Amino acid sequence: MHDEDSMPPVYPVSQTDKPVRRRAVFSRGAFAVEGSHVQSPSAGDRASRRPRRGVDDSMQLIDDLTNRPLDVLYTDSRLNTKPDSKAVFWATRIVVFVICIAVGFVSCLFVRLLQSDPRKEIRATLASQLSDAEHAESDLQSSISKLEQQIKAQKDTKQDTTAIDTVREDRMMSGLLAVEGPGISLSLADPVDSDGTVTTVISDLDLQQLVMLTWQAGAEAVAVNGVRIGQDTSIRTAGSQILVGTTPVESPYKIQAIGDKNSLADFMGETNLKSLYDSYAKLGVTLQLTKSNSMKLAGATDITLSYAEKEE
């Protein structure tokens, strides 16, 4: 316990020295307030206060904390406090509830939009278009089959005439129709060095010469590497490629000729064309001849003439 003499003296607040309660600028009950801070006591108020005798600044501070502990702004916030009515209370909560529902609904829509794949609809559309195209193709194939059957039926019922036979023979001689029959095959290839390097020796002129010899031997149809020689088919070099018509061919080369296989073999044999076989042997090329009882040659590509016309 402290002795009463050791306690600081306490001076009661006189009636003329009570704190002045003033409103802050944010108070709901304050109007036409000029300053942005709590108004300080005027000079007359300070002069009207009676100074305490024998009291220094520290004691005055302790006295103010003891007798006036509340801040002016706090006391101002307690002025004109009026509780909200029930209507305002519930209206506020209803508005907040509606806002929460709206935000939740929009959030759900946004999440569903993020989870949805926009490409799914595109894939479904493309799949539908593909299905329609497949059905259309199937219908066209059915129509083609029916037309082919009708054409075949008309051909079977129609009697062949001399003109038709002439046209067919002309088309066969010009190489436009596929043919089948006995014949010979000539095979040759570019030589290969000991290290496996292929030396290009055979040219388009060599193939032209062999084809011309087969025609001279009596061949009725000729093909080079499966490409039929027709009336408009050429054998030529384009860059580093040999073209038969418009089809590139490469070593090994195989020339097929349909006709009398024995006559073709005798004419194209080494006995009859010894100098040709010797020239190929010097280049390291072996020309092989084989007979065949039956071979099939496809028709040549039909070229439509745009400017050439029959002379009158």
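Just checking, how many residues over the range 213-247 are assigned to a helix (DSSP H, G or I) and closer than 21 Å to residue 302 by Cα? Even if it seems obvious, please write down each step before you answer.
Going residue by residue through the range 213-247, those that are assigned to a helix (DSSP H, G or I) are 213-216.
Narrowing the set further to residues that are closer than 21 Å to residue 302 by Cα leaves 215.
The number of residues fulfilling the criteria is 1.
Could you list, in sequence order, all residues of the range 210-248 that are open to solvent by 20 Å² or more (accessible area, probe 1.4 Å) and of a type in the set (D, E, K, R)? Across the range 210-248, the qualifying residues are 220, 232, 236. Counting only residues that are charged (D, E, K, R) and open to solvent by 100 Å² or more (accessible area, probe 1.4 Å), which one in the range 55-83 is modelled with the lowest pLDDT? Taking the candidates together, the pick is 78. Go through the residues of the range 287-302 one by one and say whether even a single one is over 13 Å from residue 184 (Cβ atoms), out of contact with any Asp or Glu (no Cβ under 7 Å at 6 or more places or on another chain) and either modelled with pLDDT of 90 or more or not in a loop (DSSP other than H, G, I, E, B) (or both). No.
Conditions tested, residue by residue: (1) assigned to a strand (DSSP E or B); (2) open to solvent by less than 70 Å² (accessible area, probe 1.4 Å).
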residue: 171; (1), (2): no, no
residue: 177; (1), (2): no, yes
residue: 180; (1), (2): yes, no
residue: 186; (1), (2): yes, yes
residue: 194; (1), (2): no, no
residue: 205; (1), (2): no, no
residue: 208; (1), (2): no, yes
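As a summary of the residue check, residue 86 satisfies the conditions (1) surrounded by 10 or more Cβ atoms within 10 Å (Cβ to Cβ); (2) at pLDDT 80 or above; (3) not hydrophobic (A, V, I, L, M, F, W, C) except for the one numbered (1).
On the basis of being of a type outside the set (Gly, Ala, Ser), more than 29 Å from the chain's Cα centre (by Cα) and modelled with pLDDT under 90, does residue 151 make the cut? Give the derivation first.
On the way: of a type outside the set (Gly, Ala, Ser): yes; more than 29 Å from the chain's Cα centre (by Cα): yes; modelled with pLDDT under 90: yes.
Answer is yes for this residue.
Of all residue pairs spaced 6 or more apart or on separate chains, those with beta-carbon atoms under 6 Å, a first member in the range 274-298 that is closer than 29 Å to residue 230 by Cβ and a second member that is part of a loop (DSSP other than H, G, I, E, B) and open to solvent by 90 Å² or more (accessible area, probe 1.4 Å) are 277/270.
Residues checked against (1) among the small types (Gly, Ala, Ser); (2) in contact with a strand residue (DSSP E or B) (Cβ under 9 Å, 6 or more places away or on another chain):
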| position | (1), (2) |
| --- | --- |
| 236 | no, yes |
| 244 | no, yes |
| 249 | no, yes |
| 266 | no, no |
| 274 | no, no |
| 287 | no, yes |
| 300 | yes, yes |
| 308 | yes, no |
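The values are calculated or read from the model by the stated rules, or taken from the named source; none is laboratory data. No experiment lies behind these values; they were computed from the predicted model shown. Cβ: placed from backbone, ideal geometry, glycine included. Neighbour counts: every protein chain shown. Ligands, DNA and RNA are stripped out before the accessible areas are found, and what is left, the full protein with its side chains, is counted by its heavy atoms. Shrake-Rupley method; radii C 1.70, N 1.55, O 1.52, S 1.80 Å.
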